[in-house]
Every structure is written in structure tokens, then in C-alpha cells.
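Worksheet: one structure, shown below.
The values are calculated or read from the model by the stated rules, or taken from the named source; none is laboratory data. Everything numeric in this text was worked out from a predicted model, so none of it was measured. For neighbour counting, all protein chains shown are included, and Cβ atoms are generated from backbone atoms with ideal geometry for every residue, glycine included.
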Amino acid sequence: MSDIPITGEVSNSKLAAVFDSESAARSAADAVVARTGLQSAQVKVVTPDEPHPNIKLEPEGGGIWRTIVVAHLWLGIGGLVAGALVFAVLWWLQLPLIASSPGIAFVAFVFFGGVGGLMLGGLISLRPDHDRYILVTQEAMTEFRTTVVVHALSVDQANQAADILGGLGGEVTRTL
């Protein structure tokens with residue numbers, strides 16, 4: 001895993017486990033806290049009558065703005081570097097089109113690499129992996145089912161929580 005995070009959120013590993021009853025969900029949430037290193041603040045129960053479920057699903061409101069800036073910054077820089085590396089390889093191979101106009105080719109490769117990196121940063125900022133997690137919880141609410149939401153700080157914590165919740169009968173959905 002990279003040492004440079006490309007999101008601005010503390011919890012990048014989220015999961016939702018849907019249960020048929022509120023009591024089963026609360027018992028499962030207690031089991032996750034008891035058996036893992038998760039704090040009770042990282043494990044939320046979303047009931048069908050929850051007035052503000054989005055706060056429990058995405059508690060890091062400022063995290064999206066940090067994600068937008070950080071993802072665009074790092075992936076934009078990465079795209080610039082990737083474009084320069086592609087140019088260097090093609091120039092070293094002495095491709096006629098590159099060798100005949102190295103300055104223009106360099107600018108083109110670096111520019112399009114940077115644009116590609118920024119576009120990837122935009123995709124990361126949209127957080128498409130969160131859609132499933134949110135939709136599953138909203139569907140559960142309309143079906144009068146209860147969801148346990150876990151905001152893990154690592155993939156290991158998310159794996160442990162998923163194993164426990166799945167073992168207790170929860171239908172687990174995860175972000176990437």
C-alpha cells in the first residue's frame with residue numbers, strides 16, 4: 001500500500017451489514033467492538049427510522065474536500081511524471097515522430113499525462129465505491145431492516161469486522 005494517501009478521509013474502509021432486526025444489529029455491533037480494535041464511535045447502527053442516516057454513513061463531511069484536493073494534487077503530479085516517463089522511453093527508442101520534434105512531443109506527453117492524472121483524481125473524488133454502501137443502507141431502511149455501519153481505519157479492521165458481521169448473519173457490503 002502507498003505511503004501517500006490519495007483521499008482526505010480518515011476511514012477509507014467502510015462496510016455495511018444489514019440485519020432483519022434492530023436487536024440483532026445492535027448485538028452484532030457490540031460483538032464487533034468487543035472482538036476487534038474498533039472503537040464504539042467507528043461502529044454505528046442505522047435503524048429504519050433514523051432521522052439523519054447520512055451523518056452515520058459519511059461522518060467526515062470535510063473529508064470529501066480534502067479528498068478532492070489531495071486526489072487531484074497527487075494523481076495530477078503522478079500523471080505528469082508518467083507522461084514524462086513515456087516520453088523518455090519513446091525518445092530513447094528513437095521513434096521518428098518523437099526524435100524529429102522532441103520538445104513538442106515532451107510537452108504533449110506531459111500535458112496529456114497530467115490531464116489523465118487529474119481525470120483519475122476526479123474519479124477518486126466521486127467515490128463510486130461508496131454508492132453501493134449507501135444504497136444498501138437506504139434500501140434496508142425502506143424494507144424496515146437495520147444496518148450496522150463500520151468505519152475501519154485499516155483493511156485488516158474491515159476484514160475482521162466483515163467476518164464477524166457475516167458470521168452473525170449480516171449481509172455485508174464494502175467500499176474498496
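Listed here are the residues, each with its yes/no results for (1) surrounded by fewer than 17 Cβ atoms within 10 Å (Cβ to Cβ); (2) part of a loop (DSSP other than H, G, I, E, B).
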site: 32; (1), (2): no, no
site: 49; (1), (2): yes, yes
site: 68; (1), (2): no, no
site: 99; (1), (2): yes, no
- Mind telling me which of the residues 137, 142 ends up being among the hydroxyl-bearing types (Ser, Thr, Tyr), in contact with a helix residue (DSSP H, G or I) (Cβ under 8 Å, 6 or more places away or on another chain) and assigned by TED's automatic domain parsing to the domain that holds residue 46? 137
- Sole exception among (1) touching a residue at least 12 places away in the same chain (Cβ under 8 Å); (2) under 26 Å from residue 19 (Cβ atoms) for residue 163, by number: (1)
- Among the residues of the stretch 101-150, how many are part of a helix (DSSP H, G or I) and either closer than 20 Å to residue 71 by Cβ or in contact with a His (Cβ under 9 Å, 6 or more places away or on another chain) (or both)? 23
